[in-house]
1. Starting from the range 87-109, take each residue that is part of a helix (DSSP H, G or I) and list its partners that are small (Gly, Ala, Ser), counting only C-beta distances under 6 angstrom and pairs at least six apart or across chains.
2. How about the range 319-406: which helices (runs of 4 or more DSSP H) wholly inside it have at least 1 residues that are within 22 Å of residue 162 (Cα to Cα)?
3. Give 356, 362, 349, 368 a once-over and let me know the one that is touching a Lys or Arg at 6+ places or on another chain (Cβ under 7 Å) and crowded, with 17+ Cβ neighbours inside 10 Å.
4. On the basis of being surrounded by 17 or more Cβ atoms within 10 Å (Cβ to Cβ), closer than 30 Å to residue 199 by Cα and in contact with a Lys or Arg (Cβ under 6 Å, 6 or more places away or on another chain), does residue 266 make the cut?
5. In this structure, is residue 313 surrounded by fewer than 24 Cβ atoms within 10 Å (Cβ to Cβ) and within 30 Å of residue 76 (Cβ to Cβ)?
6. Charged (D, E, K, R), surrounded by fewer than 19 Cβ atoms within 10 Å (Cβ to Cβ) and either touching a strand residue (DSSP E or B) at 6+ places or on another chain (Cβ under 7 Å) or not assigned by TED's automatic domain parsing to the domain that holds residue 187 (or both): is that true of residue 282 in this structure?
Amino acid sequence: MPDFDVIVVGAGPAGSIAALELARGGASVALIERGVYPGSKNMYGGVVYPRILDSIIPNWHEEAPIQRHVTRRQTMMMTDHQAMTVDFRTTSWGSAPYNGVTAFRSEWDRWLAQHAVDAGATLICSTTVTGLLRDANRIIGVTTDRSDGDLTADLVVACDGANSFLAREAGLYKEFDASHFTLGVKEVLHLGKDEIDRRFNVSDHDGVDIEMVGATGPIAGGGFLYTNLDSVAVGVVLKLNSLAAANTRPEDVIATLKRHPAIAPLVAGGELVEYSAHLIPEGGYDAMPTLGMSGLLVCGDAASLTLAAGIWLEGVNFAMASGAAAAQATLEAREAGRPAEAHRSYRSLLEGNFVLQDHKRLRHMPELIFSHFVQHQQAAMVCDVVEDLFTVTNPTPKPRLRRIVNDARKANGVTHRDLLRTTWRAAKMFF
């Protein structure tokens, strides 16, 4: 007899939701976490879109460790001295059920894992899974760094993060290319709640999410700034191969961003309380591994399920949904007497909901978003157009918009073909 029905590796959002739903379904579950507690090694702090929890933990918004509810969303297109911002806010996002919330994953993951434990899962912390146990072509368990380290199960669910050792050991990745990853680097700056409310023009638990294009100089990537209750998270996401080619330290990129005239007033005087970095899988649909094999399923970041699609930058919701789908596939396979064959329905479940439907439709967005045109030429052209549009030219008559756009296009080396090709590629995915 195996030690457990299912072993879930990694107590992040994907793993904890999988363990929760499996335990509720009557399976014996081991939830293995290498940190001293779930979330202790996760430095993420950003926006979570938790509506997937409406059917799993219906009162999540009453008990989850939320910092603020995002009621204001800004998108900035930037050069080193300009910023053109689309600023949207709505009161509807400030009441339950919330659209997006800011949270610290060290708190969020611990909360989710406790729900899995309360449902009957066995949480094993301070334990690193070092490999897979096999019986012919089937996975039958894991090895760990403990002296009595082997654990067996009918099924293993790999939720071990972006650099998934288990998915790679199982041969589920065709290639593991650095160009499919970004490095997220973040500073948390304490400002105090009253000061944040004043600077960002919010109150109570309302918060702001600012996403930036053109914020990383010659390196492909983006910038972000999120409001927590009494601190802000400011940072950058940098394409790994572009960062290596630039021979620049990521903390220098953040320092430059913090000096930008659009950002400096928002972070001035903040006390640094945390600096962190982590890998993010942003290669999209075409960078995903095979999602399972006999005795093994892959979820969350381990399956490259982060969506980097420009206006949509999401990951935790996809992780939680994949964990729920893994649990459903496993319980159905157990009921059919084939618990190791859950992979046969797992992918179809993801294809039947937003997880793979969104990724498939937007499969070419990472390539487009990280292109030189979008990162540099387009951002500069948009900023120049807006600056010229609002520059009063008296006593010279106001120029026509067509001339302003054309001058900005030429000044930034943008061809008509660039504009048409990019517009067409984006339109095919968004419309």
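The values are calculated or read from the model by the stated rules, or taken from the named source; none is laboratory data. Owing to the predicted nature of the structure, the values given are computational and were not obtained by experimental measurement. We place every Cβ from the backbone using ideal geometry, glycine too, and count neighbours over all the protein chains shown.
1. Listed by first residue and then by second, the contacts come to 105/39; 106/39; 109/12; 109/39.
2. Answer list for the range 319-406: 343-351, 354-361, 365-369.
3. Working: 356 fails: touching a Lys or Arg at 6+ places or on another chain (Cβ under 7 Å); 362 fails: touching a Lys or Arg at 6+ places or on another chain (Cβ under 7 Å); 349 fails: touching a Lys or Arg at 6+ places or on another chain (Cβ under 7 Å).
When all the criteria are applied, what remains is 368.
4. The answer is yes for residue 266.
5. yes
6. Numbers: charged (D, E, K, R): yes; surrounded by fewer than 19 Cβ atoms within 10 Å (Cβ to Cβ): no; either touching a strand residue (DSSP E or B) at 6+ places or on another chain (Cβ under 7 Å) or not assigned by TED's automatic domain parsing to the domain that holds residue 187 (or both): yes.
Against the criterion (charged (D, E, K, R), surrounded by fewer than 19 Cβ atoms within 10 Å (Cβ to Cβ) and either touching a strand residue (DSSP E or B) at 6+ places or on another chain (Cβ under 7 Å) or not assigned by TED's automatic domain parsing to the domain that holds residue 187 (or both)), residue 282 does not qualify.
For (1) over 30 Å from residue 285 (Cα atoms); (2) without any contact (Cβ under 8 Å) to a residue 12 or more places away in the chain; (3) surrounded by 17 or more Cβ atoms within 10 Å (Cβ to Cβ), each residue gets a yes or a no:
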residue	(1), (2), (3)
377	no, no, yes
380	no, no, yes
384	yes, no, yes
403	yes, yes, no
431	no, yes, no
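Yes or no, residue by residue, for (1) assigned to a helix (DSSP H, G or I); (2) under 17 Å from residue 308 (Cα atoms):
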| residue | (1), (2) |
| --- | --- |
| 203 | no, no |
| 222 | no, yes |
| 232 | no, no |
| 235 | no, yes |
| 242 | yes, yes |
| 251 | yes, no |
